[in-house]
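The values are calculated or read from the model by the stated rules, or taken from the named source; none is laboratory data. Model, not experiment: these values are computed from the prediction. Cβ placement follows ideal geometry from the backbone for every residue including glycine, while neighbour counts extend to all protein chains displayed.
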Amino acid sequence: MMIFYFTGTGNSLYVAKELEGDVRSIPQVLHQKDLSFTAEKIGIVCPIYGHEMPRMVKEFIEKAEFRTPYFYMVLTYGANHGGAAQIADAFVQKAGKRADYVTTVEMVDNFLPVFDMEKQMAMDKQVEKQLERVKADIAACKKEIQKATMKDKMVHKAFRASMARMKKAPEAIWADYVVTDECVGCGICTRVCPAGCIQLEEQKAVHSEKNCQACYACIQACPKKAILFKEGLAKEPNPNARYRNEHVTLTELVEANDQTGLC
Ligand SMILES: Cc1cc2nc3c(=O)[nH]c(=O)nc-3n(C[C@H](O)[C@H](O)[C@H](O)COP(=O)(O)O)c2cc1C
Ligand code: SF4
Ligand code: SF4
């Protein structure tokens with residue numbers, strides 16, 4: 001089984017590892033010339049941002065060719081998926097492909113502008129139980145696209161309306177950062193970034209919005225908590241709390257995402 005994943009803080013990598021297969025990072029695979037893949041089962045595991053897959057995952061789905069009798073997607077989320085499975089399925093269809101199974105797994109919500117990571121980590125979201133269900137479904141080649149409830153649809157509609165009022169790409173709103181004088185130029189943020197949009201200039205991190213996925217890998221992994229949101233975005237409930245999935249090491253995140261060529 002081939003499993004492609006995208007991750008900012010490790011939740012999706014943890015799920016991908018648990019599904020036990022040939023696990024491959026989408027930010028790295030996208031550099032390949034040949035994006036056709038053959039396996040008896042092929043899956044994608046990724047977070048959702050504003051109920052949708054990250055831009056890079058969408059790009060991968062559009063470009064790749066999946067030669068498989070069973071194609072599935074597992075979407076990790078934190079608080080409200082807004083019908084993400086049906087939204088992702090619609091995207092896959094638009095890209096001329098077909099998904100057999102799309103589901104969601106609730107985990108720590110790493111959306112820093114709204115959630116306190118300490119409180120999120122203290123919550124028991126029954127991840128292992130959810131994973132047992134997903135593993136059994138995939139083992140049985142279950143065919144099901146998780147349905148959006150009426151509440152999911154209303155939440156998604158309200159979210160779309162609020163985004164439309166902002167007149168900016170969601171990533172530009174979510175990832176509007178400032179790097180403070182606390183930065184010591186360690187370069188960790190540059191190496192966990194899946195899109196290569198942080199550079200060190202005179203030993204200080206500089207963020208470029210171009211291609212930023214708003215994954216928060218940089219801000220969450222910074223040991224000095226030196227990357228903060230600019231004013232305009234909601235004030236963080238706890239700027240001292242940062243998150244990485246407990247089953248994923250910093251080295252694994254770097255291997256997954258590093259675009260500096262140092263890996
Ligand atoms: C910019 C951004 C937007 C997000 N939007 C949603 C959302 O709409 N609904 C939700 O439940 N979780 C949302 N989340 C939370 C993530 O989907 C969730 O924490 C996910 O498991 C993170 O996966 P990762 O650790 O693999 O990066 C968002 C996170 C970020 C950074
Ligand atoms: S991880 Fe933090 S301290 Fe290190 S270079 Fe990036 S912003 Fe600076
Ligand atoms: S700059 Fe930060 S938020 Fe943007 S893609 Fe890179 S790691 Fe993710």
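Tabulated data
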item: Qualifying helices (runs of 4 or more DSSP H) (wholly inside segment 1-86; at least 1 residues being among the acidic types (Asp, Glu) and within 15 Å of ligand 3 (Cβ to nearest atom)); result: 55-63
item: Top-ranked residue of segment 155-180 - restricted to ones that are without any contact (Cβ under 8 Å) to a residue 24 or more places away in the chain, in a loop (DSSP other than H, G, I, E, B) and of a type outside the set (Gly, Ala, Ser), ranked as nearest to ligand 3 (Cβ to nearest atom); result: 168
item: Residue 214 vs. criteria in a loop (DSSP other than H, G, I, E, B), of a type in the set (Gly, Ala, Ser) and more than 16 Å from ligand 2 (Cβ to nearest atom); result: yes
item: Failed item, numbered, when residue 131 is tested on (1) within 26 Å of residue 31 (Cα to Cα); (2) more than 12 Å from ligand 1 (Cβ to nearest atom); (3) part of a helix (DSSP H, G or I); result: (1)
item: Subset of segment 1-52 [basic (Lys, Arg) and without any contact (Cβ under 8 Å) to a residue 40 or more places away in the chain]; result: 24, 33
item: Given (1) more than 21 Å from the chain's Cα centre (by Cα); (2) buried (at least 19 other Cβ atoms within 10 Å of the Cβ); (3) within 15 Å of ligand 1 (Cβ to nearest atom), index of the condition residue 216 fails; result: (1)
item: Selection status of residue 55, closer than 25 Å to residue 21 by Cβ and free of Cβ contacts under 8 Å to residues at least 60 places away in the same chain; result: no
item: Segment 154-211, residues that are surrounded by 13 or more Cβ atoms within 10 Å (Cβ to Cβ), more than 20 Å from residue 9 (Cα to Cα) and small (Gly, Ala, Ser); result: 169, 185
item: Some residue of segment 146-165 being over 20 Å from residue 16 (Cα atoms) and β-branched (Val, Ile, Thr); result: yes
item: In segment 52-100, residue nearest to residue 115 (Cα to Cα) [restricted to those that are within 16 Å of ligand 1 (Cβ to nearest atom) and aromatic (Phe, Trp, Tyr)]; result: 77
item: Verdict on residue 211 being outside the structural domain of residue 56 (by TED's automatic domain parsing), out of contact with any Ser or Thr (no Cβ under 7 Å at 6 or more places or on another chain) and under 21 Å from residue 51 (Cα atoms); result: yes
item: Hits in segment 192-206 (condition: in a strand (DSSP E or B) and near ligand 2 (Cβ under 9 Å from one of its atoms)); result: 198, 200, 204, 205
item: Residue pairs meeting the criteria (Cβ under 7 Å; at least 6 apart or on separate chains; first touching a residue at least 60 places away in the same chain (Cβ under 8 Å), in segment 224-253; second acidic (Asp, Glu) and not in a loop (DSSP other than H, G, I, E, B)); result: 238/118; 241/118
item: Among residues of segment 240-263, those that are part of a loop (DSSP other than H, G, I, E, B), within 15 Å of ligand 1 (Cβ to nearest atom) and exposed (fewer than 15 other Cβ atoms within 10 Å of the Cβ), counted; result: 3
item: Test: residue in segment 105-124 that is of a type in the set (Phe, Trp, Tyr) and either within 16 Å of ligand 2 (Cβ to nearest atom) or assigned by TED's automatic domain parsing to the domain that holds residue 17 (or both); result: yes
item: Count of segment 77-96 residues which are more than 15 Å from the chain's Cα centre (by Cα) and either of a type in the set (A, V, I, L, M, F, W, C) or surrounded by 15 or more Cβ atoms within 10 Å (Cβ to Cβ) (or both); result: 9
item: Given (1) at pLDDT 95 or above; (2) more than 15 Å from the chain's Cα centre (by Cα), index of the condition residue 20 fails; result: (1)
